[in-house]
Amino acid sequence: MCFKHVSEDGDGGFPGKVEARVYYSVEKAEEGEEGVRLEWEYEVQLVGEEVEETVVNVTNHGYVKLDLFNNLREKRTLLPTIKHIKNNPKLINKSLVSGT
């Protein structure tokens, strides 16, 4: 599935026409794994013959309905990324997490 958004030149005060797409796919899990895999990929392109550079910040605020699973402690989530912040249990506000 593909969603597309076009930001015209001057939109939000930023120069340049930008076309952004996000592709979602659901694939079978690899051998030895259960369930399915939800993957998404971003694509951003400056559009036009005389393109003025602009700032683009692509992010995702997607949510997955986790109560579909019987036991979340047995589930694994993999988020492939170039950079990440290491988990530090001292920084997790457990009052916001139920069942802790």
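FYI, it's all coordinate maths here, none of it is from the lab. Here the structure is a predicted model, which is why all the values come from computation and not from measurement. Using ideal geometry, Cβ is built from the backbone for each residue, glycine included, and neighbour counts are taken over all protein chains shown.
Summary table
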item: Mean Cβ neighbour count within 10 Å, used as a protection proxy, ranking 25-34, 46-55 highest first; result: 46-55, 25-34
item: Contour minus Cα-Cα distance for Lys90 and Glu30 (0.36 nm per residue); result: 18.2 nm
item: Segment Tyr23-Thr59, extension gain: residue separation times 0.36 nm, minus the distance between their alpha carbons; result: 11.6 nm
